[in-house]
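Engineer: Have a look at this one.
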Amino acid sequence: MTNRQVEHEITVDAPAAAVYRLLAEVENWPRIFPPTIHVDHMERGEDEERIRIWATANGEAKNWTSRRTLDPRKLRITFRQEVSSPPVAAMGGTWIVEPLSGSASRVRLLHDYRAVDDDPDGLKWIDEAVDRNSRTELASLKQNVELAHASEEITFSFEDTVRIQGQAKDAYDFIDEAGMWAERLPHVASVRLEEDTPGLQTLEMDTRAQDGSTHTTKSYRVTFPHHRIAYKQVTLPALMTLHTGLWTFKEDEHGVEATSQHTVVLNTGNIARVLGEEAGVADAREYVRNALGANSRATLGHAKDYAENKR
């Protein structure tokens, strides 16, 4: 039985405690780490937690359940996959944050793993996935911690909500059945939806802008019938370096509250090219807010019509 042990590390210009806090808050991982699509807490104690993670590995979307032990005093987080996805038979490791000074730290990421049936091709696939994801995660961690103050301005969230006189299931179904959006939504020119694993979707679509042009986007979506759909866009327009979202459906005695929530990190390097030399961060925020919000409100409006006509 081949048990592989590997280590990656990076130096971060930020206090060790701040780095540890960022690692401990797994609900923010989709915003911090490019491979992560969504994370849910399944159990949560003072220093032990059980989480489910959806992420990409070598271009494939996977999900697994892990247990984590948090030690804020030693600045260590150990993790062990409870249910792994083939070709992974077992996977675990440790995050270790070491202070180098009052304003700098070293982050070490340790992994140990083995492949199903000790398959050499499977082990090679895991080697490549762990190496690629570890390097990406550490580089993203460094960038996000070091730019924490700047990101307060370039990172923002917003939401749009509609009330629906109908059932949550019907509104949810409209969003879940994105493969039919080209027929149901005027701003969608074409769409390709795959769901090889139940509850984990790959969505590619060509969307029409207000000026008549079209742009192609790709997202991974995690579905939770009939309450919410979380997604992460992995092909991004020029003004964004990150875009995550959440559709939620809350039913009460008056009907359904359907909400579309977005979190965005702006790509400041492209603002002048896209919006003109005089444009700044505030202009880019407004532009992105209006563009994403318009599509969300249109989609929610059609979901409302769909659900209310089901009555």
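Engineer: For region 1-43, which positions are in a loop (DSSP other than H, G, I, E, B), over 11 Å from the mean Cα position of the chain (by Cα) and under 19 Å from Val97 (Cβ atoms)?
Structural biologist: Asp13, Ala14, Pro15, Glu25, listed by residue number.
Engineer: Can you spot a residue in region 258-269 that is outside any loop (DSSP other than H, G, I, E, B), at pLDDT 95 or above, closer than 22 Å to Pro35 by Cα and not aromatic (Phe, Trp, Tyr)?
Structural biologist: Taking every residue of region 258-269 in turn, at least one turns out to be outside any loop (DSSP other than H, G, I, E, B), at pLDDT 95 or above, closer than 22 Å to Pro35 by Cα and not aromatic (Phe, Trp, Tyr).
Engineer: With open to solvent by 50 Å² or more (accessible area, probe 1.4 Å), touching a helix residue (DSSP H, G or I) at 6+ places or on another chain (Cβ under 9 Å), under 29 Å from His41 (Cβ atoms) and among the hydroxyl-bearing types (Ser, Thr, Tyr) as the only criterion, which of Thr268, Thr241, Thr259, Thr263 stands out?
Structural biologist: Only one candidate qualifies: Thr241.
Engineer: Considering each residue of region 74-100, count those that are touching a helix residue (DSSP H, G or I) at 6+ places or on another chain (Cβ under 9 Å) and among the charged types (D, E, K, R), and give that number.
Structural biologist: 2
Engineer: Considering region 63-117 alone, what residues qualify as being farther than 19 Å from Pro35 by Cα, part of a loop (DSSP other than H, G, I, E, B) and open to solvent by less than 30 Å² (accessible area, probe 1.4 Å)?
Structural biologist: Those that are farther than 19 Å from Pro35 by Cα, part of a loop (DSSP other than H, G, I, E, B) and open to solvent by less than 30 Å² (accessible area, probe 1.4 Å): Leu75, Ala104.
Engineer: Given Arg297, Arg221, which one is out of contact with any helix residue (DSSP H, G or I) (no Cβ under 9 Å at 6 or more places or on another chain) and either within 29 Å of Glu27 (Cα to Cα) or assigned to a loop (DSSP other than H, G, I, E, B) (or both)?
Structural biologist: So the residue among Arg297, Arg221 that is out of contact with any helix residue (DSSP H, G or I) (no Cβ under 9 Å at 6 or more places or on another chain) and either within 29 Å of Glu27 (Cα to Cα) or assigned to a loop (DSSP other than H, G, I, E, B) (or both) is Arg297.
Engineer: In the set Lys232, Lys250, which member is assigned to a strand (DSSP E or B), open to solvent by 60 Å² or more (accessible area, probe 1.4 Å), closer than 27 Å to Pro198 by Cβ and at pLDDT 95 or above?
Structural biologist: None of the other options fit; the residue is Lys250.
The values are calculated or read from the model by the stated rules, or taken from the named source; none is laboratory data. Worth saying up front: this structure is predicted, and the values here are computed from it rather than measured. Please note: Cβ atoms are built from the backbone with ideal geometry, for glycine as well, and neighbour counts cover all protein chains shown. Heavy atoms of the whole protein, side chains included, go into the accessibility calculation; ligands, DNA and RNA do not. Shrake-Rupley method; radii C 1.70, N 1.55, O 1.52, S 1.80 Å.
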